[in-house]
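In what follows, a single structure is set out as C-alpha cells and then discussed.
The values are calculated or read from the model by the stated rules, or taken from the named source; none is laboratory data. Here the structure is a predicted model, which is why all the values come from computation and not from measurement. Cβ coordinates were reconstructed from backbone atoms using ideal geometry, including for glycine residues, and neighbour counts include every protein chain displayed. When the accessible area is computed, the model is the full protein with side chains, heavy atoms only, and any ligands, DNA or RNA have been set aside. Shrake-Rupley method; radii C 1.70, N 1.55, O 1.52, S 1.80 Å.
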Amino acid sequence: MSAPAWDPKQYNRFEAQRDRAALDLLVRLPEDFAPTEIWDLGCGAGQHAALLKRRHPTAHVHGMDSSTAMLEQARALSVEVDWSAGDIASWTPTRPADLILANASLQWLADHAALFARLAGTLAPGGLLAVQMPMAWETRHHTIMRETAADGPWAPLLAGVDTIAPLLPAEAYYEALAPLCDDVDIWSTTYLHVLTGDDAVLEWMKGTALRPYLTALAGDPAMQEAFLTTLGGRLSAAFPRRAQGQTLLPFPRLFLVAQRR
C-alpha cells in the first residue's frame, strides 16, 4: 500500500483547533529548560519546529516529516531549521537529542512499547521526550469511518488499509519509559472542538484520519466520491449541525513528557 498522500491546505483548514494540543504540550516543558539539539518528528508544515527555534535561538533544530508536500510548506517559513524527509520508525539521531517533540505523529506507528523505549534511548541525559497523540480509534467518528469503509462497493479497495490504531493504556507508556526516565508525566484531555462549515466532521477527517483511505481510492475518483458522500451523510447524522451553524466534535488526546535520567 502506498503511503498516505498529505494535503497541507486541507490539514490547515482547522489549524487553530489542531494547534491547541501542541501548544498545551509545549507549555508543560520546564521554563529553565535549555536544549541545544532539538528534533520535531512528524513536523508537518513546520510551525512548531519554527516556534522552538524562536524560543531557543542557539539550538540546532531539526524538523522531519515523511510528506514532501508538508516539508515544502515548512521550508517556506524561512527559519533556520534543518528540514529533512524521513521515517520515524527507522530514525536515529547522529547525536543524542535534548528534546524530541512528536505532536500527532506517533499514532501512525506500530509497537509503541518498543518505539517509546527506543526514542527515550536517543535522549541525552536530562533530555525530554514530549508527545501528543489523538485517542481517536475509540471515538464515534472513527468508528463510523471504519464501519463505512467496510460497508459498500469500496470495501475491497479499503480492506487491509492501515488507519490510526488504538493507543496503549497510559500505564503501558509509563512502563516503557520508566527504565530510562525518572520523571514521566502522562495525562489526557478531551477537547470539544467547535467546527464551522458544511460537513464539518468529514472535512476535519479529510485532513488526517481519512488520508490512507483517500490515497487507496485515488485511482477511482468516482468510488472515492461515493465513499465520501456516504461517510459524510453518516457523520452529519451523528454530529448534527446546530441551529447557529456550529458542529461539536469531542476529541480526546494523550500527552506525555518524560525526562531521561
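State the number of residues belonging to the range 128-148 that are open to solvent by 10 Å² or more (accessible area, probe 1.4 Å) and either touching a Phe, Trp or Tyr at 6+ places or on another chain (Cβ under 6 Å) or of a type in the set (Lys, Arg) (or both).
Matching residues across the range 128-148 total 2.
Looking at the range 85-94 only, could you name the residues that are open to solvent by less than 30 Å² (accessible area, probe 1.4 Å) and not in a helix (DSSP H, G or I)?
Step one: of the range 85-94, the residues open to solvent by less than 30 Å² (accessible area, probe 1.4 Å) are 86, 88, 91, 93.
Within the range 85-94, Gly86, Trp91, Pro93 meet the criteria.
Restricting to the range 190-229, count the residues that are surrounded by 15 or more Cβ atoms within 10 Å (Cβ to Cβ) and polar (S, T, N, Q). Spell out the reasoning first.
Applying the first criterion (surrounded by 15 or more Cβ atoms within 10 Å (Cβ to Cβ)) to the range 190-229 yields 191, 193, 195, 199-217, 223-224, 226-228.
Going one step further and asking which of them are polar (S, T, N, Q), we end up with 208, 215, 224.
Final tally of qualifying residues: 3.
Residue pairs, Cβ under 9 Å, 6 or more apart or interchain, first in the range 177-201 and at positive phi, second assigned to a strand (DSSP E or B) and surrounded by 14 or more Cβ atoms within 10 Å (Cβ to Cβ). List them.
Listed pairs, sorted by first residue: Gly197/Thr247; Asp199/Thr247.
All but one of (1) open to solvent by less than 30 Å² (accessible area, probe 1.4 Å); (2) β-branched (Val, Ile, Thr); (3) assigned to a loop (DSSP other than H, G, I, E, B) hold for Ile100, so report the exception by its number.
Here Ile100 clears every test but (3).
Identify, from the list Arg28, Arg54, the residue that is basic (Lys, Arg), open to solvent by 30 Å² or more (accessible area, probe 1.4 Å) and more than 19 Å from Arg253 (Cβ to Cβ). Talk me through it step by step, then tell me what you get.
Working: Arg28 fails: more than 19 Å from Arg253 (Cβ to Cβ).
Selected residue: Arg54, the only one of Arg28, Arg54 that is basic (Lys, Arg), open to solvent by 30 Å² or more (accessible area, probe 1.4 Å) and more than 19 Å from Arg253 (Cβ to Cβ).
If we scan the range 31-40, do we find a residue that is within 29 Å of Ala170 (Cβ to Cβ), over 14 Å from the mean Cα position of the chain (by Cα), part of a helix (DSSP H, G or I) and of a type in the set (Phe, Trp, Tyr)?
Within the range 31-40, none of the residues are within 29 Å of Ala170 (Cβ to Cβ), over 14 Å from the mean Cα position of the chain (by Cα), part of a helix (DSSP H, G or I) and of a type in the set (Phe, Trp, Tyr).
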